[in-house]
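Notes for the one structure printed next.
The values are calculated or read from the model by the stated rules, or taken from the named source; none is laboratory data. None of these values were measured; they are calculated from a predicted model. Cβ atoms come from the backbone with ideal geometry, glycine included; neighbour counts cover every protein chain shown.
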Amino acid sequence: MKTAMIWGAAGGIGQACLSHLQEKGWTTIGIAKDTTQISSIATHSFDADFEDPSMVDQVVFLASQIADQVDLWIYTAGDISSSKVSDIKPADAQRIISANLTSAIFAIHSSLPLLSEEAHIFFIGAVSERLRLPGLSAYAAAKAGLEAFADTLRKEERKKLVTVVRPSAVATNFWDKVPLNVPADAAPPEKIAKKILEAYDTKHKGQLDLI
């Protein structure tokens, strides 16, 4: 039985990934700041503050006690807010960069020893050409940095597959945090989850645009 590790598993895309993988017979390890909503979905679930490297290390250690290796690794965590550069508070900018980029680096750094030799790594990016909007400077910068990080990781871990999934819009509670309406064509998170597993099955690497 294959094992998947999902970071940010309590979010819309994370929960959809958990449910879809469980249906397909996978062993799932869901990691979130609050696992209340996923404890009945995931095979195993762990609470962790992704901004704390020691907590990230601890949860990976706990996962290593129940799984010999991880075949599919997905980072779906993130955060967003809307503020012009002239108005943004440093703490808010730091929070957005951390949730979307720095914490992803902490998570994959700690997880690498647990990944199988040919594991598939997924990060949730965004169609960056569409998100460079007023008020989203920190979020856009973080997602651009995540793509650059993934490109470098792909070159370092050549036996593994690294994919950045770039959806245009997903119908999750992210939209509650910005003064924008949910696009009429926003994809349900379940669609993104299915596309991720399809990409795993076809060994897709690089960018995966879902427009």
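Residues satisfying the criterion are present in region 77-86 (criterion: among the β-branched types (Val, Ile, Thr), surrounded by fewer than 14 Cβ atoms within 10 Å (Cβ to Cβ) and within 30 Å of LEU133 (Cα to Cα)). Against the definition (within 20 Å of ALA9 (Cβ to Cβ), surrounded by 18 or more Cβ atoms within 10 Å (Cβ to Cβ) and either of a type in the set (Gly, Ala, Ser) or modelled with pLDDT of 90 or more (or both)), how does ALA140 come out, yes or no? In short, no. So, in region 34-61, exactly how many residues are in contact (Cβ under 8 Å) with a residue 12 or more places away in the chain and surrounded by 14 or more Cβ atoms within 10 Å (Cβ to Cβ)? Adding up the residues that qualify gives 18.
Sub-6 Å Cβ pairs linking a first residue in region 110-137 that is over 17 Å from PHE50 (Cβ atoms) and surrounded by 20 or more Cβ atoms within 10 Å (Cβ to Cβ) to a second residue that is at pLDDT 95 or above and of a type in the set (Lys, Arg), at least 6 apart or interchain, are ALA119/LYS160, ordered by first then second residue. Here PHE46 fits the description: among the aromatic types (Phe, Trp, Tyr), farther than 26 Å from TYR139 by Cβ and either in contact with a helix residue (DSSP H, G or I) (Cβ under 8 Å, 6 or more places away or on another chain) or at pLDDT 95 or above (or both). Which residue, of SER116, SER81, is in contact with a strand residue (DSSP E or B) (Cβ under 8 Å, 6 or more places away or on another chain) and among the polar types (S, T, N, Q)? Step by step, each of SER116, SER81 is checked, and only SER116 is in contact with a strand residue (DSSP E or B) (Cβ under 8 Å, 6 or more places away or on another chain) and among the polar types (S, T, N, Q). In region 10-33, of all residues being surrounded by fewer than 18 Cβ atoms within 10 Å (Cβ to Cβ) and touching a helix residue (DSSP H, G or I) at 6+ places or on another chain (Cβ under 8 Å), the one that is nearest to ALA169 (Cα to Cα) corresponds to SER19.
Taking the conditions (1) closer than 21 Å to VAL165 by Cβ; (2) under 15 Å from the mean Cα position of the chain (by Cα); (3) of a type in the set (A, V, I, L, M, F, W, C) in turn, ALA42 satisfies each one other than (2).
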